[in-house]
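Below you'll find the structure, written out as structure tokens, and then a few comments.
The values are calculated or read from the model by the stated rules, or taken from the named source; none is laboratory data. This is a predicted model, so every value here is computed, not measured. For neighbour counting, all protein chains shown are included, and Cβ atoms are generated from backbone atoms with ideal geometry for every residue, glycine included. Surface areas here come from the heavy atoms of the whole protein model, side chains and all, with no ligands, DNA or RNA. Shrake-Rupley method; radii C 1.70, N 1.55, O 1.52, S 1.80 Å.
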Amino acid sequence: MAKAVGIDLGTTYTAVSIVDDYGKPVILKNADGQVTTPSVVFFDPPNYTVGETALQSTITDPERVVQFIKRFMGQSGYRVQIDGKEYSPEFVSALILRKVVKDAEMELGDEIDQAVITVPAYFTEQQRHSTLEAGELAGLKVLRIISEPTAAALSYGIQRRANNKKILVYDLGGGTFDVTILQCLENDFNVLSVGGDHRLGGKDFDDRIVGFVEDRIKANHGVDISGDIELAAELRLKSEAAKRQLTGRQSVPVSLKVPDQANPGRSIPVKIEISREAFEEVASDLMARTEMLLESVLAKADLEWSDIDELLCVGGSSRMPMVGAMLNRLSNKKPLLHDPDECVAKGAALQAAIMVGEEGTRPEITVGHVLSHSLGVAVMSNGRPIIDHILPSLTRLPATERREGYTTTTDNQSVVQIRIYEGESDDPASYGKGPIGVFNLDTTPVRPKGQPKLAVEFRCDEDGRITALAKDSDTGKENFLTISLAGQRSEFEISDESQLMSEAMVS
Ligand SMILES: Nc1ncnc2c1ncn2[C@@H]1O[C@H](COP(=O)(O)OP(=O)(O)OP(=O)(O)O)[C@@H](O)[C@H]1O
Ligand SMILES: [Mg+2]
């Protein structure tokens, strides 16, 4: 029988897990025997190479390699260009999923056709939807999209039986930073607060080392290497390796061969030493950003550090000693570095087992999925449009909320436009992308302004699918809109990319 897995589709690394016959989540290794696969794709259509080989190709063929695609998920209009052809972030992600699932099938000796895929807690419904489309394009039935910190806590809680505790999950991955506070009751998880920055992660720390080395090369050798694509790619790989080593060592060298200005065509070997102290210095503002976000997530939930029972660090970048030191200074507690590379995928596997697992291996636990961003409608207030939030963020799903008291703003108005916004600001002008949905309510027969009694209701199911309903209470007329989040790719692109995917050879 085909199996269901959990997939942590990371900015830099992707991992697959399955719940075994004993109810325990285990990682399915890739063809190289590794627990994680670099989320990097080398394009040579119809051949696509994903993983370590693709990562190494950034040095020789940078213009055919795509990485960090997760940062662009759900970003409208963003396309990767290779040899004059455009590819959507969904397509690139689907290639990564195809590869990791194929490898996992080999390891498992069975077919995989369903998956729970994780996303940062901070992802909008649109970004979640793009991830879902990527899964479907890869040929998977996507059981659910769940938040990474929730998955991490699920795996942690089941393994340690965390009971009635408030857990703060600090997830600093390769490309995103997420903070979540969860309340873990006996068989239930509740999200109390979330925050983060989906453009802050290990990559930014790598870039700081890159900048440090470039500056030193300029200062010591008078050579500017920033414009050299191949050298830049090599330096980026070496900087990431140096960063990892600095987790265990006090100082490491970065060696490169740079062009010799005095003898064109020749190169000179350079060796730049970077100490942990110097690294922490050039990355201090990044740490300060995570600190600020931590404080705001606590404040949002009205909590103090002393209310937090456990600090759980996940994501590969949490290994950097400066993370533990900062958390310890802030909280006076010892943060736990729990299975940082695997726990998100394992939590996703547990969620998959909760949904389709067989009797006996099915975990006896429920997970409170919450709305990631507030939902509201635009209304006029003192002659100015503002957003009236109807379903606040963190509302546990499924949820229904109805609000009465809306009306028309001009005499004899025959129609009212309902504009739906996703986000926290109450100023419609601050939403760059505008409303996520618009529909009309017929308010005939026409009446003087202020007379019709209108109501708006939001329904959101556990998968984040949003339906908005509007009703004229006097006439009984109503209309509704189920927000379609499929609008990122055109019909043409969808069919073109499905065709490309069916011809794709992914290795
Ligand atoms: N020993 C280490 N010291 C410092 N950083 C490390 C270490 N090991 C891994 N990393 C960093 O962790 C990051 C990868 O972490 P992880 O696999 O959790 O991220 P991801 O899941 O790909 O990204 P995201 O969750 O942001 O989408 C990389 O930036 C990597 O350089
Ligand atoms: Mg991750």
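Listed values, structure above:
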| quantity | calculated |
| --- | --- |
| GluC sites (Glu not before Pro) lying in DSSP loop within region 1-101, provided at most 16 other Cβ fall within 10 Å | none |
| Segment residue 411-residue 358, extension gain: residue separation times 0.36 nm, minus the distance between their alpha carbons | 13.0 nm |
| Lysines whose Cα lies under 19 Å from that of residue 334, excluding same-chain neighbours fewer than 8 positions away | 165, 166 |
| Cleavage-rule hits, trypsin sites (Lys or Arg not before Pro), region 449-507, DSSP coil, Cβ neighbours within 10 Å at most 16 | 449, 453, 465, 477 |
| 0 to 90° range, to nearest 10: angle between helix 343-356 axis and the chain longest Cα axis | 40 degrees |
| For residue 188, distant residues with modelled amide H under 5 Å away | 366 |
| Nonlocal Lys pairs with alpha-carbon distance under 25 Å, region 375-482 (8 or more apart, or different chains) | 4 |
| Folded to 0 to 90 degrees: helix 491-503 orientation relative to the chain principal axis, Cα | 40 degrees |
| Centre separation in Å (Cα based) which lies between region 304-358 and region 133-207 | 8 Å |
| Summed residue charge, Cβ within 11 Å of residue 480's Cβ, Lys/Arg positive, Asp/Glu negative | 0 |
| Ordering of 129-135, 436-442, 23-29 by burial proxy (mean other Cβ atoms within 10 Å per residue, highest first) | 129-135, 23-29, 436-442 |
| Solvent exposure of region 202-282 as accessible area per residue, Å², 1.4 Å probe | 54 Å² |
| Set of lysines near residue 218 by C-alpha distance (under 19 Å), chain-local residues within fewer than 8 positions excluded | 238, 257, 271 |
| Amide H contacts of residue 147 (H built 1.01 Å from N, under 5 Å, at least 5 apart or other chain) | 119 |
| Degrees separating the helix 148-160 axis from the principal Cα axis of the chain, which is the longest one | 80 degrees |
| Sulfur and carbon atoms: percent of accessible area, the chain [1.4 Å] | 47 percent |
| Of all DSSP beta bridges in the chain, antiparallel share, percent nearest 5 | 75 percent |
| Heavy atoms of residue 414: accessible area, 1.4 Å probe, square angstrom to 10 | 60 Å² |
| Whole-Å distance, taken between Cα centres, linking region 220-298 and region 443-507 | 47 Å |
